[in-house]
RNA sequence: GGGCGGUUAGCUCAGCGGGAGAGCAUCGGCCUUACAAGCCGGGGGUCGUAGGUUCGAAACCUACACCGCCCACCA
């Protein structure tokens, strides 16, 4: 069964790979689509398929693995479904950079070849992060690994798009959107990061048409957009400008005339109180423009260059060059009044950090309001619990102010929008072609079903829509499909792809086989918990809730556990540019996976960022080693003992130490269970740490050296260790398995053993006797240390205690006192005469005299006892004061007061003895 | 501008109405036959500031300060 003696220290590298393979081979990670066990499911937040593991992943997946392993041991049919995300823009950018090294761009390759290239890269690098997750110990059901662009998920995406479209929830529209000139695509509002930058506020003079020598002055941070101005706005209540509303000004440089309009959006106090309005390049101005029916004049193109109906000298300049030139030109024409430095927020692309540009373009949008309302309700009604709860506010705040979601991206890597256009037909009025296979149609539920029952009614509803939409389902659309109007077969698919987060939003049900009605969906949806960082609360979590409610008519998960960010030891965000990135894999190599995982768990307090340092991980490596050595001890001590699972402990006649350790163990089990259940992983980690180290090792093992031949001790050494290993296994899977296998064990693996259940007989049991014993031993050790008694010395101690109650108990455990305090003890009922040259310490009314003969002088003892007197005096003073306060006695609960009274009498007694002893010492000279 | 978190020992944090805690670091003593990656012991804090509630506040309330996030169309 188990091997010989354990090596002196734990070597992670030799065991981790071995056990991971073992678990996989045994199929422990696999979930059952149908099972008599209760289901428990999680879907992994899919990492970027071409990415590699960073600290955020490590924390995220460690937490999920802790939950998965705990629940599995606790009897659940656990599905932890893994997978990766195609990560549209991010992946495309990576591959573009790669081919740029070969001197080519994606446009050289063409769409088809480029996408082939990306797939190739995906095939090459896609396993990197999966393998890294495996090194972390992640117990995902790898047989169910999914990818957001695999066949099944693509089908789900198309279904969802079609249905949302048919319900009018997806629309195509010409609106102002955030555009990244570098990536060449539209972005959703969320994909723009605002950063405060130093900029200028330029005051520009716009001459009146009727009085060219007079001006209205506008202030702007973006003078280059003035070429697209179509109005100047003032506040209707602004007395300075009231009379000018309706007049026209000459737009400098552009040679156009634009009106002065009144709009309450204008802040009278800011700048000059007159605002240039550029509806095609500013979100606020867009709204104003729509309110006033202004012209939308685009002057910046998709590459961020000046274009459109503007003077030739500006055409082709990039935005920033144009700004410089326009300011110069204005200055030359004396139209620039002044320039003030000003900080303002500048939007950046979250993928490439280029400055984003509001552009007017034709895009696809999800009308999200109605979806959001249901998603808000689900959280309000606690159908979904967000943990920690404080995030609910953030969620509500965002959801209640949600804007339509721009889902089209002008890139190539992703789910191409399943919409087709007929190149021959009249551009603006086209029919819809819809095709689905019959089986699918039958399966669809609810409104949708009714909706498409008759092709006619559907066409009627959408007859005003000006494009073709075809569900590219089982059969490729290009083959055999034709335009219903002109019959042409050369339909062109919309070139845009969907926002990556569109497919991610379907993840909890698309990965379970939707739109098929699978056993997996039935068993595992809704999933039990989603574990994620707060940074994708809006990107992902909120959208999953909306889509889940819409298409599954149920929440996608019951709990959302939101964990913190991993930062460096100074609390700074880890980033490549700062050079403070700690690579999880190198940490694993250096310290082992278990110490790393334990560190993450121990630091992952709810609502706090994780400040990670290598020193910390190294510290917990010591803990791993401590467990290892405790196991060595246990193993050596049970060598010739046959461990039995059925060992019956005689609860009524337990040795006090056994009673104590079992009480501590069971309390720990109950605590750890509750901590795991409530996502308090740091508390769980600390509780196990304390039990194993401070209780089991420091006291139980140490005391057991005196009882080494008792079978109950052998049993309990094995039992307590094995049980705490099980508690720890979710956090430290490898070392716990290694030790479990080397000790006598009754399951094939610790992974499939039952998670410990607390024996209620030991919860809250009175163990004050051992607690007193520990205090006595500590007090003696304290005296020894303070008086510099060498550890090799075994002084006599005289303990004054009647042979009844606690005194009797202490007499019974004399051997342990002697062993653990390294003394020779004698007990007396009362002192006949003061022991010579001894130091006195008092514990709960029990006098303990440590004989220091030949070891110490009187002066040292005087000093020591003075210190103890001072401390005790303070205690007495404090309690006296408290107990003489009438208000306290009147208001405080009985038991609190009673406790204080008892404490006071104990302290007073102690003080009297100490003082008496001091007086004696003084008399000695 | 709105919102959320934080401020407790040198460091990282727990405590969230009844005498200030842990780990690490530090100091002193130990190679005591599981473990020096260890054992034993010590020192160290007017719990950000100012008010308030209370018999009693690190904890609850109100302001303020500083740090960190998130959201927002002051150009």
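The values are calculated or read from the model by the stated rules, or taken from the named source; none is laboratory data. Bear in mind the structure is a predicted one, so any value in this text is a computation, not a measurement. With ideal geometry, Cβ positions are generated from the backbone for all residues, glycine too; neighbour counts draw on all protein chains shown.
Brief remarks on what is shown
- Residue match in the range A:91-108 (condition: in contact with a helix residue (DSSP H, G or I) (Cβ under 8 Å, 6 or more places away or on another chain), within 16 Å of RNA strand B (Cβ to nearest atom), in a helix (DSSP H, G or I) and at pLDDT 85 or above): no
- For beta carbons closer than 6 Å, sequence separation of 6+ or different chains, a first residue in the range A:870-883 that is closer than 11 Å to residue A:901 by Cβ and free of Cβ contacts under 8 Å to residues at least 40 places away in the same chain and a second that is assigned to a helix (DSSP H, G or I) and more than 9 Å from RNA strand B (Cβ to nearest atom), there are no qualifying pairs.
- Test: residue A:899 is within 29 Å of residue A:808 (Cα to Cα) and within 9 Å of RNA strand B (Cβ to nearest atom): yes
- Some residue of the range A:507-527 being within 24 Å of residue A:132 (Cα to Cα), touching a strand residue (DSSP E or B) at 6+ places or on another chain (Cβ under 7 Å), assigned to a helix (DSSP H, G or I) and at pLDDT 90 or above: yes
- Residue match in the range A:267-276 (condition: modelled with pLDDT of 85 or more, more than 11 Å from RNA strand B (Cβ to nearest atom) and in a strand (DSSP E or B)): no
- Meets criteria (within 30 Å of residue A:795 (Cα to Cα), within 11 Å of RNA strand B (Cβ to nearest atom) and either modelled with pLDDT of 90 or more or touching a helix residue (DSSP H, G or I) at 6+ places or on another chain (Cβ under 8 Å) (or both)) for residue A:909: no
- Residue in the range A:301-318 that is in contact with a helix residue (DSSP H, G or I) (Cβ under 6 Å, 6 or more places away or on another chain), at pLDDT 85 or above and within 16 Å of RNA strand B (Cβ to nearest atom) present: no
- Search result, residues across the range A:305-352 that are under 30 Å from residue A:494 (Cβ atoms), free of Cβ contacts under 8 Å to residues at least 24 places away in the same chain and not in a strand (DSSP E or B): A:307, A:309, A:315, A:316
- In the range A:10-26, the residues that are without any contact (Cβ under 8 Å) to a residue 12 or more places away in the chain reach residues that are outside any helix (DSSP H, G or I) and within 16 Å of RNA strand B (Cβ to nearest atom) with C-beta atoms within less than 9 angstrom, at least six apart or across chains, in these pairs: A:11/A:592.
- From the options A:758, A:684, residue that is on the phi < 0 side of the Ramachandran plot and within 14 Å of RNA strand B (Cβ to nearest atom): A:684
- Taking the numbered list (1) under 49 Å from the mean Cα position of the chain (by Cα); (2) part of a loop (DSSP other than H, G, I, E, B) in turn, residue A:834 passes all entries but (1).
- Exactly one residue out of A:670, A:630, A:615, A:605 is within 16 Å of RNA strand B (Cβ to nearest atom) and more than 26 Å from residue A:9 (Cα to Cα), and it is A:605.
- Evaluation of residue A:257 against (1) more than 46 Å from the chain's Cα centre (by Cα); (2) surrounded by fewer than 17 Cβ atoms within 10 Å (Cβ to Cβ); (3) within 16 Å of RNA strand B (Cβ to nearest atom); (4) in contact (Cβ under 8 Å) with a residue 24 or more places away in the chain (one fails), failing number: (3)
- Evaluation of residue A:335 against (1) over 28 Å from residue A:530 (Cβ atoms); (2) away from RNA strand B (no atom under 15 Å from the Cβ); (3) within 43 Å of the chain's Cα centre (by Cα) (one fails), failing number: (3)
- Count of residues meeting criterion [farther than 21 Å from residue A:10 by Cα and assigned to a helix (DSSP H, G or I)] in the range A:687-715: 12
- Just one of (1) over 46 Å from the mean Cα position of the chain (by Cα); (2) within 15 Å of RNA strand B (Cβ to nearest atom); (3) within 26 Å of residue A:319 (Cβ to Cβ) fails for residue A:215. It is (2).
- Number of residues in the range A:895-921 that are surrounded by 14 or more Cβ atoms within 10 Å (Cβ to Cβ) and within 46 Å of the chain's Cα centre (by Cα) equals 3.
- If you go through the range A:30-45 and keep only what is crowded, with 24+ Cβ neighbours inside 10 Å and closer than 30 Å to residue A:90 by Cα, you end up with A:41, A:42, A:43, A:44.
- When residue A:229 is tested against the conditions (1) over 44 Å from the mean Cα position of the chain (by Cα); (2) over 18 Å from residue A:357 (Cα atoms); (3) within 12 Å of RNA strand B (Cβ to nearest atom), the lone failure is (2).
- For the range A:689-699, the criterion of being closer than 22 Å to residue A:64 by Cβ and within 11 Å of RNA strand B (Cβ to nearest atom) is satisfied by at least one residue.
- Selection of the range A:612-637 for residues being at pLDDT below 90 and either within 23 Å of residue A:697 (Cβ to Cβ) or exposed (fewer than 14 other Cβ atoms within 10 Å of the Cβ) (or both) yields A:615, A:616, A:617, A:618, A:619.
- One residue stands out in the range A:844-894 among those that are assigned to a loop (DSSP other than H, G, I, E, B) and more than 13 Å from RNA strand B (Cβ to nearest atom): the one that is surrounded by the fewest Cβ atoms within 10 Å (Cβ to Cβ), namely A:854.
- Residue within the range A:284-304 that is over 18 Å from residue A:217 (Cα atoms), out of contact with any strand residue (DSSP E or B) (no Cβ under 8 Å at 6 or more places or on another chain), without any contact (Cβ under 8 Å) to a residue 12 or more places away in the chain and part of a helix (DSSP H, G or I) present: yes
- Candidates A:823, A:798: the one that is surrounded by 16 or more Cβ atoms within 10 Å (Cβ to Cβ) and closer than 21 Å to residue A:707 by Cβ is A:823.
- Count of residues meeting criterion [buried (at least 19 other Cβ atoms within 10 Å of the Cβ), outside any strand (DSSP E or B) and more than 16 Å from RNA strand B (Cβ to nearest atom)] in the range A:170-200: 2
- Restricted to the range A:386-395, and to residues there that are in a helix (DSSP H, G or I) and more than 9 Å from RNA strand B (Cβ to nearest atom), the residue that is nearest to residue A:373 (Cα to Cα) is A:395.
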